[in-house]
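The values are calculated or read from the model by the stated rules, or taken from the named source; none is laboratory data. Please read all numbers here as calculations on a predicted model, not as lab measurements. In this analysis, Cβ positions are derived from the backbone assuming ideal geometry, glycine residues included, and neighbour counts consider all displayed protein chains.
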Amino acid sequence: MTDGRDSDPPTVTAPPEISAPEVAATAVPGFWASVAEALRGSRQDFTEGSVARAVLLLAVPMVLEMALESVFAVTDVFFVGRLGADAVATVGLTESVLALMYAAAAGLAVGATALVARRVGEHDRAGAGDAAMQAVLLGGLAALALGTLGALGAPRILRLMGAPASVLATGTGYARIMLGGSGTVLLLFLLNAIFRGAGDAAIAMRVLWLANSINILLGPCLIFGLGPFPRLGVAGAALATTIGRGTGVAVALATLARRGGRVSIRHRRVAIAPSVMGRMVRLSFAGALQALIGTASWVGCMRIAATFGAEVLAGYTIGMRIVVFAILPSWGLSNAAATLVGQALGASRPERGERAVWLTGFYDCCVLGALGVMFVLAAHPIVGVFSSDPAVVQVGANCLRIIAAGFPFYAYGMVVTNAFNGAGDTWTPTVINLFIFWVWEIPLAYALAITAGIGPRGIFTAIAVAFSTLAVVSALLFRRGRWKRVRV
């Protein structure tokens, strides 16, 4: 303060010298140092600092997490493919039904990620722990109900899906184990979604790597009866999956119960908290409906494909497994966007979340677009790795080539859709999915494949067109910015 009178000039002091170690400590780590930090488990506050670095720290473990999941998807069908077209068709039909189970898992994951990320962005660790506990309780109840229904109804489900008699004879045991053990898939989805929402992406990566490593190692032993293991055929693949993912669930729960992480359920009361559970159910219901709409379209397309016989079913199954091989790591990038959006909104910095989405979408487009080019150019030899049947290879190659042509669109579509979910705006992508997949994709697939007489190519074309449409519509709605005002 001054009173207008003359005063001595202020004393100017030199700034304190900064030592070299202090300068190094304040410098932003380079690319490879950031990658190493991401793999170890970063303690970075993702609501501050460089957006590009935050995307990198989250995306590296999330992409690697989904990369092994995609490796398992093709490894499983690689070994089952040695048992013949009926075995591969069994896997395809069962997986199309399991997609409905995955819808429930994805819905719970959406609710858990949105609530945990928002609380972490607000620096409310107790609130994040409460959200995690309610998610675990809800997931446990859903896993028990879905697993029981799946185990009891497996043969009837296969018949409803149009399985030929040969597939029913081969695959009933596989379907019973996979559908009965689907609760492990649901809980693994959910627990890793909690870790991702908190920013503990490296933990989610390690858990899924453990689960799928057991799947990959145990699968051929139980399928072919290697060493001391019994030869169980296609049912062995289902048993290996259930054991592997069950182990992953146990490890994830033990990790979540420990102190020291960004989120912990240690000492949380094992009881329903009505206010938190209410928000969890609301978000999870919309998320499950959203995923159900999308995955039901896969069931619809599989049902149309079943009318063309076991070879087409097998080729479609192999082609889609390879597509999933590419899309799952890309989905890991979109999970990074969801976490960053949720935490940015918790910190009242929506513009930071928006920058993260467009930057992540660009990275995803580059990665998935490059894979799409490779799949288009080398579809036959890639599918030929999984089957020696010329008819199956031809169908699978057509599937892969047509769907991969739209990969750049899918990249942006996945990122933007997950960004809505991370913000807690789960109804916008739900409505988009309803119109794109049920009103647009399934009728188009039937019209092209059956009415127009194009055959299986019509199904593949409808899938490519629908996902490209989804990307454009989602991006236009995201730019309107209503998601910035959602409260969770």
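Summed over the range 271-285, the residues that are among the hydrophobic types (A, V, I, L, M, F, W, C) and either under 17 Å from Ile194 (Cα atoms) or in a helix (DSSP H, G or I) (or both) give a count of 6. Apart from one condition, Pro228 fits all of (1) of a type outside the set (Phe, Trp, Tyr); (2) closer than 29 Å to Val116 by Cα; (3) outside any helix (DSSP H, G or I); the exception is (2). Tell me which residues, restricted to the range 275-289, are of a type in the set (Ser, Thr, Tyr) and crowded, with 24+ Cβ neighbours inside 10 Å. Across the range 275-289, the qualifying residue is only Ser284.
Where helices (runs of 4 or more DSSP H) fall entirely within the range 379-444, those with at least 2 residues that are hydroxyl-bearing (Ser, Thr, Tyr) and surrounded by 24 or more Cβ atoms within 10 Å (Cβ to Cβ) are at 407-423.
For Phe460, are the conditions met, namely being within 16 Å of Ile293 (Cα to Cα) and either in contact with a Phe, Trp or Tyr (Cβ under 6 Å, 6 or more places away or on another chain) or surrounded by 21 or more Cβ atoms within 10 Å (Cβ to Cβ) (or both)? Spelling it out, it is not the case that Phe460 is within 16 Å of Ile293 (Cα to Cα) and either in contact with a Phe, Trp or Tyr (Cβ under 6 Å, 6 or more places away or on another chain) or surrounded by 21 or more Cβ atoms within 10 Å (Cβ to Cβ) (or both). Here the condition is being closer than 17 Å to Leu400 by Cα, in a helix (DSSP H, G or I) and touching a Pro at 6+ places or on another chain (Cβ under 7 Å); of Gly369, Gly319, it holds for Gly369 alone. Going by the structure shown, is Gly129 surrounded by fewer than 24 Cβ atoms within 10 Å (Cβ to Cβ), more than 19 Å from Ala204 (Cβ to Cβ) and not hydrophobic (A, V, I, L, M, F, W, C)? Judged against the criteria, Gly129 is not a match. One residue alone among Gly92, Gly127 is in a helix (DSSP H, G or I) and closer than 18 Å to Ala198 by Cα, and that residue is Gly127. Quick check on Val167: is it touching a residue at least 24 places away in the same chain (Cβ under 8 Å) and within 28 Å of Leu333 (Cβ to Cβ)? When the stated conditions are applied, Val167 does not pass them. The condition (being under 27 Å from Val116 (Cβ atoms) and surrounded by fewer than 22 Cβ atoms within 10 Å (Cβ to Cβ)) is satisfied by just one residue among Gly260, Gly244: Gly260. For the range 454-471, check the following and say yes or no: at least one residue is without any contact (Cβ under 8 Å) to a residue 12 or more places away in the chain and assigned to a loop (DSSP other than H, G, I, E, B). Yes: the range 454-471 contains one or more residues that are without any contact (Cβ under 8 Å) to a residue 12 or more places away in the chain and assigned to a loop (DSSP other than H, G, I, E, B). Restricting the first member to the range 198-224 and to residues that are in contact (Cβ under 8 Å) with a residue 24 or more places away in the chain and surrounded by fewer than 24 Cβ atoms within 10 Å (Cβ to Cβ), and the second to residues that are part of a helix (DSSP H, G or I) and among the basic types (Lys, Arg), the beta-carbon pairs closer than 7 Å and six or more apart or on different chains are Ala202/Arg40. Cβ-Cβ distances below 7 Å connect the following pairs, each with a first residue in the range 280-301 that is aliphatic (A, V, I, L, M), a second residue that is outside any helix (DSSP H, G or I), and a separation of six or more residues or different chains: Leu283/Gly424; Leu283/Thr426; Leu283/Val488; Ala286/Thr426. For Ala202, the requirement of being within 21 Å of the chain's Cα centre (by Cα) and part of a helix (DSSP H, G or I) is met. Restricting attention to the range 171-187, does a residue exist that is over 21 Å from Met66 (Cα atoms), more than 24 Å from the chain's Cα centre (by Cα) and buried (at least 24 other Cβ atoms within 10 Å of the Cβ)? Within the range 171-187 (the criterion being over 21 Å from Met66 (Cα atoms), more than 24 Å from the chain's Cα centre (by Cα) and buried (at least 24 other Cβ atoms within 10 Å of the Cβ)), the answer is yes, since at least one residue qualifies.
Tell me, yes or no, whether the range 57-65 has at least one residue that is under 24 Å from Leu222 (Cβ atoms), of a type in the set (Val, Ile, Thr) and at pLDDT below 90. No, the range 57-65 contains no residue that is under 24 Å from Leu222 (Cβ atoms), of a type in the set (Val, Ile, Thr) and at pLDDT below 90. Residues being modelled with pLDDT under 90, under 14 Å from Ala411 (Cα atoms), buried (at least 18 other Cβ atoms within 10 Å of the Cβ) and hydroxyl-bearing (Ser, Thr, Tyr) are entirely absent from the range 290-310. Looking across the range 52-64, just one residue is touching a Gly at 6+ places or on another chain (Cβ under 9 Å) and either surrounded by fewer than 21 Cβ atoms within 10 Å (Cβ to Cβ) or farther than 15 Å from Ala337 by Cα (or both), and that is Leu64.
Condition check for Ile203 on (1) aliphatic (A, V, I, L, M); (2) at pLDDT below 90; (3) in contact with a Ser or Thr (Cβ under 8 Å, 6 or more places away or on another chain): one failure, at (2).
Of all residues in the range 143-171, those that are touching an Asp or Glu at 6+ places or on another chain (Cβ under 9 Å) and at pLDDT 85 or above total 0. Can you confirm whether the range 325-341 contains a residue that is more than 19 Å from the chain's Cα centre (by Cα) and either crowded, with 18+ Cβ neighbours inside 10 Å or not in a helix (DSSP H, G or I) (or both)? No, every residue in the range 325-341 fails to be more than 19 Å from the chain's Cα centre (by Cα) and either crowded, with 18+ Cβ neighbours inside 10 Å or not in a helix (DSSP H, G or I) (or both).
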